[in-house]
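To keep things clear, I will list the structure first and then write my remarks on it.
The values are calculated or read from the model by the stated rules, or taken from the named source; none is laboratory data. Computed from a prediction, not measured in an experiment: that's the story for all the values here. When we count neighbours, we look across all protein chains shown, and the Cβ atoms used for this are built from the backbone with ideal geometry, even at glycine. Each accessible area value is taken on the protein alone, full model and side chains, heavy atoms only, with ligands, DNA and RNA left out. Shrake-Rupley method; radii C 1.70, N 1.55, O 1.52, S 1.80 Å.
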Number of protein chains: 2
Amino acid sequence: MTEQAQGLHHVVIVGAGFGGLETTYRLAGAPVRITLIDRRNHHLFQPLLYQVATASLATSEIAWPIRYLVRDRPEVTTLFATVTGIDAERRTVLLDRGDEVGYDTLVLATGARHAYFGHDEWEPFAPGLKTLEDATTLRRRILVAFERAERETDPVRRAARMTFVIIGAGPTGVELAGTIAELAHSTLPRDFRNVDTRKARVVLIEAGQRVLAGFPDDLSAYAHKSLERIGVEVVLGQPVTDCNAEGVVYGGNRLETKTIIWAAGVRASRAAEWLGAPADRAGRLQVAPDLTVPGHPEIFAIGDTVTISAWNGQPVPGIAPAAKQEGRYVAETIKARLAGRPTAPFRYSHAGSLAQIGKRLAVIDFGRIKLRGALAWWIWGIAHIYFLIGLRHRLSVALSWLWVYARDQRAARLITQGSSKVTG
Amino acid sequence: MTEQAQGLHHVVIVGAGFGGLETTYRLAGAPVRITLIDRRNHHLFQPLLYQVATASLATSEIAWPIRYLVRDRPEVTTLFATVTGIDAERRTVLLDRGDEVGYDTLVLATGARHAYFGHDEWEPFAPGLKTLEDATTLRRRILVAFERAERETDPVRRAARMTFVIIGAGPTGVELAGTIAELAHSTLPRDFRNVDTRKARVVLIEAGQRVLAGFPDDLSAYAHKSLERIGVEVVLGQPVTDCNAEGVVYGGNRLETKTIIWAAGVRASRAAEWLGAPADRAGRLQVAPDLTVPGHPEIFAIGDTVTISAWNGQPVPGIAPAAKQEGRYVAETIKARLAGRPTAPFRYSHAGSLAQIGKRLAVIDFGRIKLRGALAWWIWGIAHIYFLIGLRHRLSVALSWLWVYARDQRAARLITQGSSKVTG
């Protein structure tokens, strides 16, 4: 690094998800040097992660090496490292292996993990979906369940193998339930000899009173009806009270299953802990109107690791466009500060909400305009391909979806990681 | 299953690699029912596995769900199971979970694993390449080595991180060495800030006197020269005497490295053990001229798990076309026996040998015709795309190669499985 570069204002960005990456992009041309830290080497397009879990897409179709994304930005140094803490007094980020990185401005964009509301003991039985490894783990569990059913001779145990329970009917839960139903009912039937995969049960359990609670009532009702039409059993108003190796318990009912998927809640990253800063119940940092941490104007925090009521007084939702808007705001604020210009508070502008229910079925809420069904599905698909980075990934995902759409084939039906252990 | 089907001659095939799958395909229309057993759920195109390890291809581009490949064959039942033994007297295959499958004819096509010639303690330091998991493990190790080098400040340790050692200069070793050199020298340089990946050392160590010993002398010499031209250091006539966490020892030299890849030898599956049958040093079953196990005319064994001198008195090589020819022969023999027709001994016919050295560089030995360089590379590429199964995989691999070829981009640069553990 040149001496001139060493003298530049140093922005350290932790997390290369939608928020951190957008901050990096929008700081292009600013008089700063940037260190981008992530404990993974890839940026992940999380909105399509459920398609990796359900064998529709390959891992490499929704992930990009972070270094590659910033290769043309010589002022950006990417560090593949795990943050272990923050020393705010010394303005220093602490890393694994005893390394440290000093900063002038710090941007925390560290995201969230799934959470079990005080029932962490459920995790082995009800894995969640946040990383590529989570997705390949879920994929293995779902595919192995069918394989076990094919070998099982006891009808009760076979039925348990063929029962899939998804807990939580937000967008992820709905998308998982719809896709697993299609996998069982359209993709797999011809491949099995001893079981009829069309008889698989897919049960979506939700503690609240409707599916897709973030959507308007009529779209929720449509999604509910559509799920049932493609073979998903929807259970509402029933909080789950236990998950174990035998199945799931909700509202006094016991359902025997070997495959439970957790889509019911998330917990913010440890950013609030690192700073000893106030957080809400889900561990989300409470940030000031300019997205800084109270008492630390040099520390911004954005995305799923924070909570802020900047949507006409409502909390900003935990979705990719929100994280990107926050990342853009932070970059503009840093540039304004360096130029001595004043800044306004962050305001979130909601473009819309989308959720896929199944092949040819989706709901979209653009506020005044609401769409459902096949048209919504096409818009959903085109929007997602548009938001993928680069022609290579767009072509590849389009190719995979073409095969799913036209032939019900899912190329990524691979049982990997521990696949040689067929016991369990 | 109908009673009529139950009465049919039952062929059990263990292993859905090239040999087992070809046997299944060629038995189409025969008056038999088939059980195809594999401990993985996918058929793997092993000749391109090194491209998954070097981030050029995604796992799903060279693997197919076995069930899907035989979905139109109702007489074929696929079992996702691990064979634990064979009771030849009772004509029964023993499976994990206490299951059993009886057979009238048994076909063992169980392949081989990499082997360390009595030095199994080297495996953690010098992993080999036979499965998809092996490939993603190698990929992780190779990519993490560059990441570690980027963070390392000590120049000696940094040099060790940037040194890649491949042991064994057969086709797999040559292909791995050439591709890692291209990754370091063409794909990665712009992505790193602290290290110059073009200075990475790629060292190919071979105990024998030349690379690609199975090829004619002049193609070996060409491959050797080509490897050096793309930046691979070739060390010949030096058996490795130790692999450990610090590096590799050969011929009295010690080379410090954190990334060693084993491509020096294979050992047959446990088929010979299961049968208590005679095997060679590498554990390969010695089969009769009709590929049956001596004393067991009802048990065939094919592919990398056997040794047979059916190539004008020479041993049949351990390559995909040989396994496929043997699979076809076994299917024809089974059909002939059921029809009461006589059979001839198996004879191997060698179509040619191919090896890729790097982008635009390959060698092909068709016997009388020998090719090298760019033309050989194009033929190599077209041949491999041709042998992939299905349009979906062909398009996908062609797309990936186009990006490697035209832009030096490798989409599958993902560090997964244990990627959150950045220590080590």
Antiparallel %, DSSP beta bridges [both residues in the protein assembly as shown], to 5: 50
If you scale each eigenvalue of the Cα gyration tensor by 5 and take the root, what three semi-axes come out for chain A, rounded to whole angstrom and sorted largest first? 40, 22, 22
Round to a whole angstrom and tell me the spacing of the C-alpha centers of the range B:348-363 and the range B:190-245. 18
Carbon/sulfur accessible area of the protein assembly as shown, % of total, 1.4 Å probe, equals 52
The helix B:374-387 Cα axis meets the longest alpha-carbon principal axis of chain B at an angle in degrees, between 0 and 90 and rounded to 10, of 40
What number comes out for accessible area per residue over the range A:211-339 if the probe is 1.4 Å? Units Å², please. 43
Would you pull out the residues with amide H under 5 Å of A:G102's amide H, same chain only if 5 or more places away, H placed 1.01 Å from N? A:V93
So what's Rg/Rh here for the range A:209-253, counting alpha carbon atoms and using the Kirkwood radius for Rh? 1.06
Phi to ³J(HN,Hα) by Karplus 6.51 cos²θ - 1.76 cosθ + 1.60 over the range B:262-269, Hz, x for Gly, Pro: 9, 9, 9, x, 10, 10, 5, 5
Putting +1 on Lys and Arg Cβ atoms and -1 on Asp and Glu Cβ atoms, find which of B:A184, A:G128, A:V248 reaches farthest to the positive end of the dipole of the protein assembly as shown. B:A184
Can you tell me which of B:L236, B:L49, B:L361 moves the most in a GNM of chain B? Springs connect C-alpha atoms under 10 Å apart. B:L236
Can you give the log10 of the normalised intensity I(q)/I(0) at q = 0.05, 0.06, 0.07, 0.10 Å⁻¹, computed with Debye over equal Cα scatterers of the protein assembly as shown? -0.30, -0.43, -0.59, -1.17
Would you be so kind as to identify which of A:V93, B:A58, A:V107 lies farthest towards the positive end of the dipole of the protein assembly as shown, taking Lys and Arg as +1 and Asp and Glu as -1 on Cβ and the Cα centre as origin? B:A58
Scattering profile of the range A:177-286 at q = 0.12, 0.22 Å⁻¹ [log10 I(q)/I(0), Debye over alpha-carbon scatterers]: -0.59, -1.19
Can you compute 3J(HN,Hα) from phi for each residue in the range B:315-322, using the Karplus curve 6.51 cos²θ - 1.76 cosθ + 1.60 with θ = phi - 60°, rounded to whole Hz and x for Gly and Pro? x, 5, x, x, 10, 4, x, 5
What is the antiparallel percent of DSSP beta bridges lying wholly in the range B:1-156, to the nearest 5? 40
Over 26 Å, how big is the tail of the calculated P(r) for the range A:214-335, in percent of all Cα pairs? 44
Per residue, what volume in Å³ does the Cα convex hull of the range B:100-161 take up? 135
Per-pair calculated FRET efficiency, R0 = 30 Å: B:V249 and A:D87 via Cβ, rounded to 0.05: 0.10
Give the percent of DSSP beta bridges with both residues in chain A that are antiparallel, rounded to the nearest 5. 50
Pairs of Cα atoms under 8 Å, at least six residues apart: use those to get the relative contact order of chain A, whole percent. 19
Search the structure for amide H atoms under 5 Å from the amide H of B:R201, placed 1.01 Å from N in the peptide plane, and list their residues when 5 or more places away or on another chain. B:T163, B:F164
Can you compute the modelled spin-label distance between B:R229 and B:E298, with each label point 7 Å from Cα toward Cβ, in nm? 5.8
In Å, what Kirkwood hydrodynamic radius results for the range A:39-101 from the alpha-carbon pair distances? 14.0
Okay, helix-only estimate at 222 nm for the protein assembly as shown: each DSSP H run of n ≥ 4 adds -39500 (n - 2.57), divide by all residues, round to 500 deg cm²/dmol; what do you get? -9500 deg cm²/dmol
Long-range HN-HN contacts of A:F346 with modeled amide H, under 5 Å: A:D290, A:L291
Suppose each label sits 7 Å from its Cα in the direction of the beta carbon; what would the B:L402-B:A282 distance come out to in nanometres? 3.8
Give the Rg (one decimal place) followed by the Dmax (whole number) of the range B:101-212, computed from C-alpha coordinates and expressed in Å. 17.7, 65
Tell me, what ³J(HN,Hα) does each residue in the range B:45-54 have, in order and in whole Hz, if you take phi through Karplus 6.51 cos²θ - 1.76 cosθ + 1.60 with θ = phi - 60° and put x for Gly and Pro? 8, 4, x, 10, 4, 4, 6, 6, 5, 9
Rank these by accessible area, largest first, 1.4 Å probe: A:Y25, A:Y329. A:Y25, A:Y329
How much of the pair distance distribution for the range A:273-414 lies past 18 Å, counting alpha-carbon pairs only, in percent? 67
Taking the Cα-to-Cβ direction at A:N312 and at B:R190 and moving 7 Å from each Cα, how far apart do the two end points lie in nm? 4.5
Running Debye on the range A:332-424 with equal point scatterers at the Cα sites and no solvent, what base-10 log of I(q)/I(0) appears at q = 0.18, 0.21, 0.25 Å⁻¹? -0.93, -1.05, -1.22
Hey, could you grab the Kirkwood Rh for the range A:288-367? Inverse mean 1/r over distinct alpha carbon pairs, Å, one decimal. 14.0
Peptide B:180-191 - average C-beta neighbours from other chains (10 Å radius): 2
In Å, the Kirkwood hydrodynamic radius of the range B:369-418 over pairs of distinct alpha carbons? 12.6
Bin width 10 Å, origin at 0, all Cα-Cα pairs of the range A:1-137: what percent of pairs per bin? 11, 35, 33, 16, 5, 0
